[in-house]
Each structure stands twice: as structure tokens, then as C-alpha cells.
1. Fewest first, what order do His53, His31 take by the number of other Cβ atoms within 10 Å?
2. Only residues of the stretch 36-60 count here: report those whose backbone N is under 20 Å from the spot 7 Å along Cα→Cβ of Lys13, or say none.
3. I need the Debye-formula profile for the stretch 10-63: one equal scatterer per C-alpha, no solvent, reported as log10 I(q)/I(0) at q = 0.13, 0.15, 0.18, 0.21 1/Å, two decimals.
4. Work through the residues other than Ala62 whose Cβ is under 13 Å from its Cβ and net out their charges, Lys, Arg +1 and Asp, Glu -1.
5. Which trypsin sites (Lys or Arg not before Pro) in the stretch 16-69 sit in a loop by DSSP (not H, G, I, E or B) and have at most 14 other Cβ atoms within 10 Å of their own Cβ?
Amino acid sequence: MEMGSKQKVENIKPDGEIYSCPNCAYTDGFHVSFKIGDNSRKAEIYLICPNCHSRFRINWQADLPQGVQ
């Protein structure tokens, strides 16, 4: 289980606009979730389909400001 799901987190390549789920074809965008790893200054960004709840890793990271834990 990863990111609160029993399903495996899939990798997708960001290309053009990212609003359609490759698993269920839902076309109204994604929820965004963050996973803060050992380096608490970076958070990995995940997309979650609101329809089928599939989770996708897109290899994006957010820099966190100092003092955020």
C-alpha cells in the first residue's frame, strides 16, 4: 500500500495538459497530494483521480520553505 491506497502507484509522463485519467478516462482533472520524504525540504507531488482513486507519480517535486514540517 502506498499513498493510502491498496493499488500500486503508477508512473505517468507529463505531456501537454494533464487532466484525463489514463485508467478510467475521467476528464475533469485530478486531486493533488504531497509526500514529504526524508529530506523534509522537498515534497513529491502525486495526482489522484477523484473518480477511480488511482494514484500517479509524475516525478515532480515542490520545494518547501524553511520551518515547514
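1. Listed from fewest to most nearby Cβ atoms, that is His31, His53.
2. So the set is 45-47, 55-60.
3. Normalising to I(0) and taking log10 leaves -0.32, -0.41, -0.57, -0.74.
4. Surrounding charge for Ala62 is +1.
5. Working: sites: Lys35, Arg41, Lys42, Arg55, Arg57; in loops: Arg41.
When the trypsin sites (Lys or Arg not before Pro) of the stretch 16-69 are filtered for loop state and at most 14 Cβ neighbours within 10 Å, Arg41 remain.
A short reminder: the numbers here are calculations on the coordinates, not readings from a lab. Please read all numbers here as calculations on a predicted model, not as lab measurements. Glycine gets a Cβ as well: all are built from the backbone with ideal geometry, and neighbour counts include every protein chain shown.
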